[in-house]
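Accompanying notes for the structure given below.
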Ligand code: ZN
């Protein structure tokens, strides 16, 4: 933590807060997109997209999950963030970005023993049922049936990739059911994007209209 703290304390000296860019930030924020992704420390939206301060609004949680808009009454951080992004900030693009080596999705795929993590277990219930088609062939990370303990660091095997990518599609489907999103989609003012990010190569696989993930550009 010391290195992080030192860098935080010197941050104001490393950035030109008198520049036009930073002066504008005091006026307000005008992000182009809402970026919904996993809490994983290896996924850094600003690094991936080259976004500057003020350019992307972020919503992060374990597994880049979008609970139903009425999932837990009014006190939903996810619903509040999505509502604010669309109604107040007027973002016209939402990215749901899942990633390789995802511990949350790995816990589901490899049927991790989550008995010591009841909140994680309950949270993943928002993703679990819709993933049933690709979880059926579960088992341990080595293909055996024994559940793995806790949320292990997992490799990017093709079976896990399938789970992560289906989860991205599923969460976009939930997002489309948000009244505020449906309204904007119907009005043609909102575009939804699904990204699968490979943390070890930096490759973005973009969800196409046919439901597949493709790599664009070089
Ligand atoms: Zn993750």
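Values for this structure:
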read-out: Whichever residue in segment 102-112 is buried (at least 22 other Cβ atoms within 10 Å of the Cβ) and in contact (Cβ under 8 Å) with a residue 60 or more places away in the chain and, among such residues, is nearest to the ligand (Cβ to nearest atom); value: 102
read-out: Residue list for segment 75-101, filter: in contact (Cβ under 8 Å) with a residue 24 or more places away in the chain, surrounded by fewer than 17 Cβ atoms within 10 Å (Cβ to Cβ) and more than 24 Å from residue 48 (Cα to Cα); value: 83, 87
read-out: Among (1) within 16 Å of the ligand (Cβ to nearest atom); (2) within 17 Å of the chain's Cα centre (by Cα); (3) surrounded by 14 or more Cβ atoms within 10 Å (Cβ to Cβ) - the single one residue 55 does not satisfy; value: (1)
read-out: Filtered residue count, segment 143-179, keeping only those that are outside any helix (DSSP H, G or I) and either at pLDDT 90 or above or within 23 Å of residue 42 (Cβ to Cβ) (or both); value: 12
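The values are calculated or read from the model by the stated rules, or taken from the named source; none is laboratory data. Worth saying up front: this structure is predicted, and the values here are computed from it rather than measured. Positions of Cβ are backbone-derived with ideal geometry, glycine not excepted, and every protein chain shown enters the neighbour counts.
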